[in-house]
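Engineer: Handing you a structure now.
The values are calculated or read from the model by the stated rules, or taken from the named source; none is laboratory data. Quick caveat: nothing in here was measured; it's all calculated off a predicted structure. Cβ placement follows ideal geometry from the backbone for every residue including glycine, while neighbour counts extend to all protein chains displayed. SASA here: full protein model, heavy atoms, side chains in, ligands and nucleic acids out. Shrake-Rupley method; radii C 1.70, N 1.55, O 1.52, S 1.80 Å.
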Amino acid sequence: MVEVDIDELGRISIPRVDVAFDCGPQVNPERIRSQLEGAVIMGLSLAMFGEITFKNGRAQQDNFHQYRVMRMNEAPSDIRVHLIPSSDWSMPLGGVGEPGIPPIAPALCNAVFAATGKRIRRLPIKDQARRST
């Protein structure tokens, strides 16, 4: 769940994100929380700014000075990770990996729709969050 504030110019701020995660038995819950907090920041960065453009057959972005990522002042001040408890240790243990990233863009787009009435149909969002009139 992504909470957004959108000003009259369509600028998005994200005060809070909640993540619920069911990964089975948890050996190190704090490591899982850290992984998911990072996934939130990466997912928001990709959804809001992630774009690679090409010119003459070459990518124009070759490092982070040209490829926009979320800055500290843009990141949610409150990321809450809710881990679903599991006591079934008969399941094989595995890693958390990257499953926290894919649901972030749809959650952000749904939050923009709830706030503005406007559906986001392409990523990155950039300037698409202006309110419908």
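Engineer: Out of the residues in the stretch 68-77 meeting the condition of being hydrophobic (A, V, I, L, M, F, W, C) and surrounded by 11 or more Cβ atoms within 10 Å (Cβ to Cβ), tell me which one is modelled with the lowest pLDDT.
Structural biologist: Looking at residues that are hydrophobic (A, V, I, L, M, F, W, C) and surrounded by 11 or more Cβ atoms within 10 Å (Cβ to Cβ), I get VAL69.
Engineer: Let me ask something else about it. I'd like the full set of residues that are touching a residue at least 24 places away in the same chain (Cβ under 8 Å), open to solvent by 70 Å² or more (accessible area, probe 1.4 Å) and among the charged types (D, E, K, R), limited to the stretch 17-30.
Structural biologist: ASP22, the sole residue that qualifies.
Engineer: Would you pick out the residues in the stretch 98-113 that are in a helix (DSSP H, G or I) and touching a residue at least 40 places away in the same chain (Cβ under 8 Å)?
Structural biologist: ILE104, ALA105, ALA107, LEU108, CYS109, ASN110, ALA111, VAL112
Engineer: Is it the case that the stretch 121-129 has a residue that's part of a loop (DSSP other than H, G, I, E, B), open to solvent by 50 Å² or more (accessible area, probe 1.4 Å) and out of contact with any helix residue (DSSP H, G or I) (no Cβ under 9 Å at 6 or more places or on another chain)?
Structural biologist: Yes, the stretch 121-129 has at least one match.
Engineer: Any idea how many residues of the stretch 35-67 are open to solvent by less than 80 Å² (accessible area, probe 1.4 Å) and part of a helix (DSSP H, G or I)?
Structural biologist: 14
Engineer: With the requirement that a residue be charged (D, E, K, R) and more than 16 Å from GLU37 (Cβ to Cβ), what does the stretch 69-118 give you?
Structural biologist: Matches in the stretch 69-118: ASP88, LYS118.
Engineer: Please work out which one of (1) more than 30 Å from VAL27 (Cα to Cα); (2) open to solvent by 90 Å² or more (accessible area, probe 1.4 Å); (3) hydroxyl-bearing (Ser, Thr, Tyr) is the condition SER87 fails and give its number.
Structural biologist: Every listed condition holds for SER87 apart from (1).
Engineer: Hey, can you tell me all the residues within the stretch 63-93 that are in contact with a Lys or Arg (Cβ under 8 Å, 6 or more places away or on another chain) and among the small types (Gly, Ala, Ser)?
Structural biologist: Listed by number, the list holds a single entry, SER77.
Engineer: Given the structure, is PRO76 in a loop (DSSP other than H, G, I, E, B), within 13 Å of the chain's Cα centre (by Cα) and touching a residue at least 60 places away in the same chain (Cβ under 8 Å)?
Structural biologist: It is true that PRO76 is in a loop (DSSP other than H, G, I, E, B), within 13 Å of the chain's Cα centre (by Cα) and touching a residue at least 60 places away in the same chain (Cβ under 8 Å).
Engineer: Restricting attention to the stretch 4-16, report how many residues are crowded, with 17+ Cβ neighbours inside 10 Å and farther than 16 Å from ARG68 by Cα.
Structural biologist: Qualifying residue count, the stretch 4-16: 3.
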